[in-house]
Amino acid sequence: MAGQLVPVQGGRLKPGGRRGVSLFGVSLVLPAAAWLVTFFAVPGYVVLCIAFGTVDPVFRTPLPAWSPLDWRFEQFGFVFDHLAGAEGFFGPAIVRTVGYVGAAIAGCLVISYPVAFFVARHAGRRRGLLLALIVAPFWISYMMRMLAWVNLLESDGLVNRLVSLDGRLPTQVEWLSGQPTTVILGLVYGYVPYMLLPMYSAFDRISPSLLEAARDLGAGKVEVFRRVILPMSRPGVTAGLMLAALPMTGDYFTNDLLSGSPRTAMLGNLINTAVNSPGQAGQAGALLALLVVALLAPIVWYVRSTARTELAT
């Protein structure tokens, strides 16, 4: 009805039956929107124009197709033609990427879950110190952290010295010569904080009164964990999986430093090689576009599942 007072967000009452949009709220969103448009939407469109463009036959430089009406699909056709078969060098890299990321995510989960649970529920006064130690690797360059692993895993490094008992045993592993295990361990080490922090936040939000109520109802430690802690920690686990898996899927730097072998090349390595090769920028753009499309599916699922959880609570 006209003139009726309707409650709106913030506890205020506004005449009429429509919810108003706060100019202050819009002003808060504008900087972030401008940032996304400038540094995500525009570069993304440039990549699409290169992927749907052509290559200069003489100088082998990309010729972007700026108008969608001029887009061509030769680069995507080349990628799809080389997914499998005798000349399918993209398919094995995709399979390796999925396998390495899956194994690394499992390793991150095994490490992060108990550590986050202990810090959030049992660390007491040392919680802040332990959390600072967990975040400390972010203060060091990712390249420097990987180079430290190179020093540890090289032929005369500390790891081989321990394995061979300082040369007493004829045992020496070439860790940096195309070993999938080395790549997976490097991914786990590089991205485990991305998974640990959301899990810590999820455990920290669990109210102690819920745990006390479960114990008062006769539940033991295992039942409390299975019926209370585990279900309430799932949002943190899901967020951690997403935050670690998405950048890990496009990672190429870890593989380059800890392996450098085509036998362990991931999709990110193929994209990086294509970018630096004359005449292959369009293939790199096509691979990158397909990777973004593949990663959008779990992102959309996560956003929708999070929205449903918030509505349910």
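The values are calculated or read from the model by the stated rules, or taken from the named source; none is laboratory data. Computed from a predicted model, the values in this text were never measured in an experiment. Note: ideal-geometry Cβ built from the backbone for every residue, glycine included; neighbour counts use all protein chains shown.
Observations, loosely collected:
- Filter result for the condition that a residue is in a helix (DSSP H, G or I), surrounded by fewer than 20 Cβ atoms within 10 Å (Cβ to Cβ) and not assigned by TED's automatic domain parsing to the domain that holds VAL55, over LEU288, LEU295: LEU295
Every residue, every condition in (1) of a type outside the set (Lys, Arg); (2) over 25 Å from ARG308 (Cβ atoms); (3) crowded, with 19+ Cβ neighbours inside 10 Å, yes or no:
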site	(1), (2), (3)
VAL188	yes, yes, yes
ARG215	no, yes, no
PRO247	yes, yes, no
MET266	yes, yes, yes
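- For the stretch 60-70, a residue qualifies if it is surrounded by 10 or more Cβ atoms within 10 Å (Cβ to Cβ) and either in contact (Cβ under 8 Å) with a residue 40 or more places away in the chain or in a helix (DSSP H, G or I) (or both), and the qualifying residues are ARG60, THR61, PRO62, PRO68, ASP70.
- Test for ASP156: is it without any contact (Cβ under 8 Å) to a residue 60 or more places away in the chain, surrounded by fewer than 13 Cβ atoms within 10 Å (Cβ to Cβ) and on the phi > 0 side of the Ramachandran plot: no
- Check on GLY128, among the small types (Gly, Ala, Ser) and at pLDDT below 85: no
- Residue in the stretch 115-132 that is within 21 Å of TYR252 (Cβ to Cβ), in contact (Cβ under 8 Å) with a residue 40 or more places away in the chain and either out of contact with any Gly (no Cβ under 7 Å at 6 or more places or on another chain) or surrounded by 12 or more Cβ atoms within 10 Å (Cβ to Cβ) (or both) present: no
- Count of the stretch 191-212 residues which are closer than 17 Å to MET146 by Cα and either in contact with a Gly (Cβ under 8 Å, 6 or more places away or on another chain) or modelled with pLDDT of 90 or more (or both): 3
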